[in-house]
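Peer 1: Have a look at the structure that comes next, please.
The values are calculated or read from the model by the stated rules, or taken from the named source; none is laboratory data. As the structure is a computational prediction, the values presented were derived from the model and not from experiment. Note: ideal-geometry Cβ built from the backbone for every residue, glycine included; neighbour counts use all protein chains shown.
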Amino acid sequence: MGSPAERLTAREPARVGGTRTEAGPRTRKAPAFVWALPPVALLGVFFLYPLFLVVQQSVQPDSGGTSLQPYSDVFASEAFREALGTTVWLALGATVGCLVLGFALALIIAFVSFPGGKAVAKFIDVFLSFPSFLITLALLFIYGTKGMANGVWTDATGAAEGPFQFLTTPWGVLLAEITYFTPFVMRPLLAAFSQIDTAQIEVAASLGARPARIVRRVILPEALPALAAGGSLVLVMCLNEFGIVLFTGAKGVTTLPMLVYSKAILESDYPAACVVAVVNIAISVGLYGLYRVVSRRVGA
């Protein structure tokens, strides 16, 4: 049995380096890669595998086998070249419009005191959750062929139709995209403006700097990362926008997403639809990579 001191020592936990440690088997920690397996598996099942099927279908012509003939046929078609050009100029035009309008509106909300300013800033967060077709539908109610603006004109003048017929043209698509995507530029800008020390603006104003100079020399340098983030996001989203083009009913306006829809649903040409989809994905991923490079340089 031993002495009482020996029995007490046997029951106490061991001391290592002056620290008490519990006796018993050690629990092994799972390797780090084990915790990464579930999200990687979900990503593979729900994203990478469908993407692989799209790429696989793009090299399998209807005649059978594996070939790059679908790519040759699509790249040689006039419809693809027109859709690519329309997609690029609409995306660039909408991005420039969103940057200019979003910067101006964010400046007013952030630095001009007016009743309801905070409510407007909060509404922007709600606006981001709206579907794109809802904004297009609202524009149709106002500027559509039978919309409110044309109705007021015909009632006042007795004309057979109103003057506002632009919504079914590329300019109508551009207006709808700028209207919908501008808050995506304003949100990061408002966050950036909230970090600006107002003392800098007050000092610049006290030294006689005009508002335009303050914006150019004090506010704009602080807003460049937010402008780069918001502008790149809008550019990528405009390249992939489908609902706005569809709901405006713009005839002759065919973008890459619309061409995918036309080839797959209307013509049942699935290899060609997958080719256009692969091109659209490649452009989007390339722009995202460019955005990462630019954002790092701007941040530095």
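Peer 1: Could you list, in sequence order, all residues of segment 216-237 that are in contact with a Ser or Thr (Cβ under 6 Å, 6 or more places away or on another chain) and closer than 22 Å to ASN280 by Cβ?
Peer 2: Selection gives GLY231, VAL234, LEU235, VAL236.
Peer 1: In segment 113-164, how many residues are in a loop (DSSP other than H, G, I, E, B), hydroxyl-bearing (Ser, Thr, Tyr) and more than 26 Å from ILE244 (Cα to Cα)?
Peer 2: Final tally of qualifying residues: 1.
Peer 1: What single numbered condition from (1) farther than 25 Å from ALA250 by Cβ; (2) touching a helix residue (DSSP H, G or I) at 6+ places or on another chain (Cβ under 8 Å) fails to hold for ALA104?
Peer 2: Result: ALA104 fails condition (2) only.
Peer 1: Which residue out of GLY93, GLY102 is touching a Phe, Trp or Tyr at 6+ places or on another chain (Cβ under 9 Å), surrounded by 10 or more Cβ atoms within 10 Å (Cβ to Cβ) and in contact (Cβ under 8 Å) with a residue 60 or more places away in the chain?
Peer 2: GLY102
Peer 1: Consider only pairs whose beta carbons are under 8 Å apart and that are at least six residues apart or on different chains; among these, list those whose first residue lies in segment 199-213 and is touching a residue at least 60 places away in the same chain (Cβ under 8 Å) and whose second residue is surrounded by 13 or more Cβ atoms within 10 Å (Cβ to Cβ).
Peer 2: ILE201/PHE111; ILE201/ILE214; ILE201/VAL218; ILE201/ILE219
Peer 1: Just give me the residues in segment 74-90 being among the β-branched types (Val, Ile, Thr) and surrounded by fewer than 19 Cβ atoms within 10 Å (Cβ to Cβ), in sequence order.
Peer 2: VAL88
Peer 1: Can I ask one more? Out of the residues in segment 40-87 meeting the condition of being more than 22 Å from LEU239 (Cβ to Cβ) and of a type in the set (S, T, N, Q), tell me which one is modelled with the lowest pLDDT.
Peer 2: SER63
Peer 1: Oh, and also: Do the conditions hold for ILE196, that is, is it among the hydrophobic types (A, V, I, L, M, F, W, C), within 18 Å of PHE103 (Cα to Cα) and over 29 Å from the mean Cα position of the chain (by Cα)?
Peer 2: Spelling it out, it is not the case that ILE196 is among the hydrophobic types (A, V, I, L, M, F, W, C), within 18 Å of PHE103 (Cα to Cα) and over 29 Å from the mean Cα position of the chain (by Cα).
Peer 1: GLY286: in contact with a Pro (Cβ under 8 Å, 6 or more places away or on another chain) and on the phi < 0 side of the Ramachandran plot, yes or no?
Peer 2: Here the answer is no, as GLY286 does not meet what is asked.
Peer 1: Does segment 264-274 contain at least one residue that is assigned to a helix (DSSP H, G or I), in contact with a Gly (Cβ under 6 Å, 6 or more places away or on another chain) and surrounded by 21 or more Cβ atoms within 10 Å (Cβ to Cβ)?
Peer 2: Checked against the condition, which is being assigned to a helix (DSSP H, G or I), in contact with a Gly (Cβ under 6 Å, 6 or more places away or on another chain) and surrounded by 21 or more Cβ atoms within 10 Å (Cβ to Cβ), segment 264-274 yields no hits at all.
Peer 1: If LEU37 satisfies all but one of (1) at pLDDT 75 or above; (2) of a type in the set (A, V, I, L, M); (3) assigned to a loop (DSSP other than H, G, I, E, B), what's the number of the condition it fails?
Peer 2: (3)
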